[in-house]
Amino acid sequence: MANQKLARRYATAVFQLASEQNAVEQVGSELRILSDAIEDNQSALNFFLSPVVNRAEKESTLVAAFNGKAHPVALHTMLLLVRKRREGLLREIVSEYGALEMAARGLDALTITSAKPLEAAELHKVVAQLEKIYGKKFEVTQRVQPDLIGGLRIFMGDRRVDGSVEGRFQELARTLFARN
């Protein structure tokens, strides 16, 4: 939780800088690309997260690799994380920045998980119903998880609605074991 709060502070500051330069989408996209590039390569990740590697060496490597290729706000965010020894927050900062981007567009994150892919009409119906109930617009991510057996599991921010068969079985098991 503390890391999320700290990541939100960094993301908010970066978002404000990007907004001032009319580069919110570009900075967000490039932060995701930089984060993915580091996390997808184990040696790059070890180098970036290592407390043993000199900060000046990390900074010069980042500048050499990304100067002129990434928006200055994105690059300086990376450099700031190195200077402050906050490299481990990168993924959370990118996530929080994405949430700020969605909020700026008037959207909230909505993840719908089902046992099999929903047809477009079904998905639209569920989303329309949720938008009506909550008075919000959502950016929808659909996931498939066959072990749900049936039903839906919905995540809206920190709210979870579990209408899956698996969830019902788990609830039944908790009830039965609580009585013993």
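Things to note:
- Pairs with Cβ under 8 Å, 6+ apart, first in region 45-60 and without any contact (Cβ under 8 Å) to a residue 24 or more places away in the chain and open to solvent by less than 90 Å² (accessible area, probe 1.4 Å), second of a type outside the set (Gly, Ala, Ser) and part of a helix (DSSP H, G or I): LEU45/ILE38; LEU45/GLU39; PHE47/LYS58; PHE47/THR61; VAL53/PHE47
- Residue match in region 161-169 (condition: closer than 17 Å to ASP108 by Cα, without any contact (Cβ under 8 Å) to a residue 40 or more places away in the chain and among the charged types (D, E, K, R)): no
- Checking PHE155 against (1) open to solvent by 40 Å² or more (accessible area, probe 1.4 Å); (2) closer than 30 Å to GLN4 by Cα; (3) modelled with pLDDT of 90 or more; (4) in a helix (DSSP H, G or I), the condition it does not meet: (4)
For (1) in a helix (DSSP H, G or I); (2) under 30 Å from ASP108 (Cβ atoms); (3) among the hydroxyl-bearing types (Ser, Thr, Tyr), each residue gets a yes or a no:
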site	(1), (2), (3)
GLU30	yes, yes, no
VAL52	no, no, no
ALA56	yes, no, no
SER60	yes, no, yes
LEU90	yes, yes, no
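- Among the candidates ALA103, ALA115, ALA120, the residue that is under 30 Å from GLY163 (Cα atoms) and either touching a residue at least 12 places away in the same chain (Cβ under 8 Å) or open to solvent by less than 20 Å² (accessible area, probe 1.4 Å) (or both) is uniquely ALA115.
The values are calculated or read from the model by the stated rules, or taken from the named source; none is laboratory data. Predicted, not measured: the structure shown is a model, and the values here were computed from it. Positions of Cβ are backbone-derived with ideal geometry, glycine not excepted, and every protein chain shown enters the neighbour counts. The area values use the complete protein model at the heavy-atom level, side chains included, leaving out ligands, DNA and RNA. Shrake-Rupley method; radii C 1.70, N 1.55, O 1.52, S 1.80 Å.
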